[in-house]
1. In degrees from 0 to 90, rounded to the nearest 10, what is the angle of the helix 45-54 Cα long axis to the longest principal axis of the chain?
2. Accessible area per residue of the chain at 1.4 Å probe, in Å²?
3. Accessible area of Trp26, 1.4 Å probe, to the nearest 10 Å²?
4. Using a Gaussian network for the chain with springs between C-alpha atoms less than 10 Å apart, which of these wobbles most: Ala65, Ala102, Ala38?
5. So what is the calculated 222 nm ellipticity per residue for the chain, using -39500 (n - 2.57) for each DSSP H run with n of 4 or more, over all residues, to the nearest 500 deg cm²/dmol?
6. Which of rounded, prolate or oblate describes the chain when judged by the alpha-carbon gyration tensor and an a/c cut-off of 1.5?
7. Starting from the residue with the highest accessible area, list Arg132, Arg16 in decreasing order, probe 1.4 Å.
8. Please tell me the relative contact order of segment 22-135 in percent, rounded to the nearest whole number, where contacts are Cα pairs under 8 Å and at least six residues apart.
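The values are calculated or read from the model by the stated rules, or taken from the named source; none is laboratory data. In this text the structure is predicted, and so the values were computed from the model without any measurement. We work out accessible area using only protein heavy atoms, side chains counted, and drop any ligands, DNA or RNA first. Shrake-Rupley method; radii C 1.70, N 1.55, O 1.52, S 1.80 Å.
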Amino acid sequence: MSYGPPGPGAGPVPPRPLSASEERNWALASHIGTLVAAWLAMGFLCPLVIWLIFRERSEFVRRHALDSLNFQISLLIYSAVGVILSIVTFGLGAIVVIPVAAVVAVVALVFIILATIAAADGREYRYPLTIRLVH
């Protein structure tokens with residue numbers, strides 16, 4: 001048995017494609033996993049990791065993880081704008097920002113649940129109000 005370098009023409013082994021069940025599970029995880037990481041304002045981490053690992057193995061998982069990632073980045077941007085508005089107005093903006101943030105949090109949760117259900121059913125889902133920064 002030889003343990004030397006691979007022979008001529010041998011290259012990296014392409015990753016095996018995901019089964020339909022695995023696709024649905026990883027697409028679902030890209031949405032629902034954001035809720036776990038969101039406690040630390042890091043909701044983008046789960047879809048980012050899934051997108052980086054599975055983007056070449058499944059187009060379905062790539063699309064779901066990418067859309068979830070863009071939605072989470074959009075939420076971070078919207079939150080930063082609210083904080084900056086509150087600071088610039090010496091706290092007066094918080095009178096508007098805090099109730100709006102509460103509504104946005106509930107709406108975001110609804111969107112995440114809808115996306116998770118769509119992924120579990122093998123359907124596509126596009127988050128509304130999303131800035132598509134990552135392609």
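1. 20
2. Working: 8570 Å² over 135 residues.
Solvent-accessible surface per residue comes out at 63 Å².
3. Its accessible surface works out to 100 Å², give or take rounding.
4. Taking springs between Cα atoms under 10 Å, the residue moving most is Ala102.
5. Values: 4 runs with 85 residues, N = 135.
That calculation yields -22000 deg cm²/dmol at 222 nm.
6. Numbers: a/c = 3.59, a/b = 2.19, b/c = 1.64.
Here the chain falls in the prolate category.
7. On the way: Arg132 75, Arg16 135 Å².
The residues order as Arg16, Arg132, largest area first.
8. Details: 132 pairs, mean separation 37.7, N = 114.
Value for segment 22-135: 33 percent.
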